[in-house]
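Read through the structure below, which is laid out as structure tokens, and then see the notes.
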Amino acid sequence: MNLDRVFKNNKQWIKDKLATDAKYFENLGEGQSPELLFIGCSDSRVTAEELMGLGPGEVFVHRNIANMVISIDLNVMSVVNYAVEHLKVNHVVVCGHYACGGVKAAMQSADLGLLNPWLRNIRDVYRIHKTELNAIPDEEKKYERLVELNVQEQCVNLIKTAAVQKAARERGLKVHGWVFDVHTGELIDLKIDFENILESIREIYHLD
Ligand SMILES: [Zn+2]
């Protein structure tokens, strides 16, 4: 890839934006108040804003391999805290995607070095849902289901945090689990039962 292309594209983008709104960057420079925190995979095919048709200033984004929400990952936890407590987003989305290389790697028995502890968290999702997953004979279907269950478990991890529990109580913040189908471009709402999960984990994980 010729990186000059990137800077050329940038100049064209500025032109296009100013053509429709002369104050576009002036307004952008004034600050942000996004409604949505999007936690997605780093995969180059999952373009957060583009697939939702949103622009700069509309969504706070965090991406990592396989869209994980791990309680001791200072990076994702800082993003969640900042978005929920300071930017006061009202929706937090975990968005997985079919054909996720991170999830695929976790399904195979291979030593991937530094990635082992990261992918271990996906193997834990497999262990929790082993009965359901092992009953799926088709490998591709099993892989897709693990992508969905991983999203669900990362939503549960979000609901375990004090920031999310507090914001849910104080202003009705909601957590959503979505999957992006890279084969069709479709965004699928897994319809995670946020209220029920919050209620059921309260017994053990209640923080606020
Ligand atoms: Zn992925």
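The residues of segment 41-87 expose, per residue, 50 Å² of accessible area to a 1.4 Å probe.
Distance from the C-alpha centroid of segment 158-208 to that of segment 65-141: 15 Å, rounded to the whole angstrom.
Rounded, prolate or oblate for segment 1-88? Axes are the square roots of the Cα gyration tensor eigenvalues, ordered a ≥ b ≥ c, and the cut-off for rounded is a/c under 1.5. It comes out oblate by the Cα gyration axes.
Taking amide H as placed 1.01 Å from N in the peptide plane, the amide H of Val182 sits under 5 Å from that of Tyr98, each at least 5 places away or on another chain. Restricting attention to the chain, close to 15% of DSSP beta bridges with both partner residues there are antiparallel. Using a probe of 1.4 angstrom, how much of the accessible area of segment 1-151 is carbon and sulfur, in percent? Answer for segment 1-151: carbon and sulfur cover 54 percent of the accessible area.
Which helices count as membrane-span-like in the chain under these terms: full DSSP H, at least 24 Å along the axis by C-alpha, Kyte-Doolittle mean of 1.0 or more?
Taking the DSSP H segments of the chain (at least 24 Å long, mean hydropathy at least 1.0), we get none.
Using +1 on the beta carbon of Lys and Arg, -1 on that of Asp and Glu, and nothing else charged, what's the dipole of the chain about the Cα centre, debye to 20?
Here the size comes out at about 360 debye.
Lysine pair count for segment 48-170 with Cα-Cα distance under 30 Å and sequence separation of 8 or more or different chains is 11.
Building the convex hull from the alpha-carbon atoms of segment 49-208 and averaging its projection over directions returns 10.1 nm². In this structure the amide hydrogen of Phe38, modeled in the peptide plane, comes within under 5 Å of the amide hydrogens of Phe60, Val61, His62, Val93, none closer than 5 places in sequence on its chain. Give the calculated FRET efficiency between Lys88 and Leu112 to the nearest 0.05, with a Förster radius of 25 Å applied to their Cβ-Cβ distance. It comes to 0.10. Helix content alone sets the calculated 222 nm mean residue ellipticity of the chain: runs of n ≥ 4 DSSP H residues at -39500 (n - 2.57) each, divided across all residues, give -14500 deg cm²/dmol. Across the options Val80, Val179, Asn134, the greatest Cα extent toward the positive end of the charge dipole of segment 59-208 (unit charges at beta carbon of Lys, Arg, Asp, Glu) belongs to Val80. Run a plain Debye calculation on segment 113-184 (Cα atoms as equal point scatterers, no solvent) and give log10 I(q)/I(0) at q = 0.12, 0.21, 0.25, 0.27 Å⁻¹, rounded to two decimals, same order as the q list. Taken in order of the listed q values, log10 I(q)/I(0) reads -0.44, -0.99, -1.12, -1.18. Summarising the amide proton neighbourhood of Ile65: residues at separation of 5 or more, or on other chains, whose placed amide H is nearer than 5 Å comprise Ser42. Within straight-line reach of Lys23, meaning a Cα separation under 20 Å, sit the following aspartates and glutamates at least 8 residues removed in sequence or on another chain: Glu58. Projecting the Cα atoms of Pro56, Asn157, Ala66 onto the charge dipole of segment 1-158, computed from C-beta unit charges around the Cα centre, puts Ala66 farthest toward the positive end.
The values are calculated or read from the model by the stated rules, or taken from the named source; none is laboratory data. These numbers were taken from a predicted model, which means no experiment stands behind them. Using ideal geometry, Cβ is built from the backbone for each residue, glycine included, and neighbour counts are taken over all protein chains shown. To get the accessible areas, we keep the full protein, side chains included, count just its heavy atoms, and leave off ligands, DNA and RNA. Shrake-Rupley method; radii C 1.70, N 1.55, O 1.52, S 1.80 Å.
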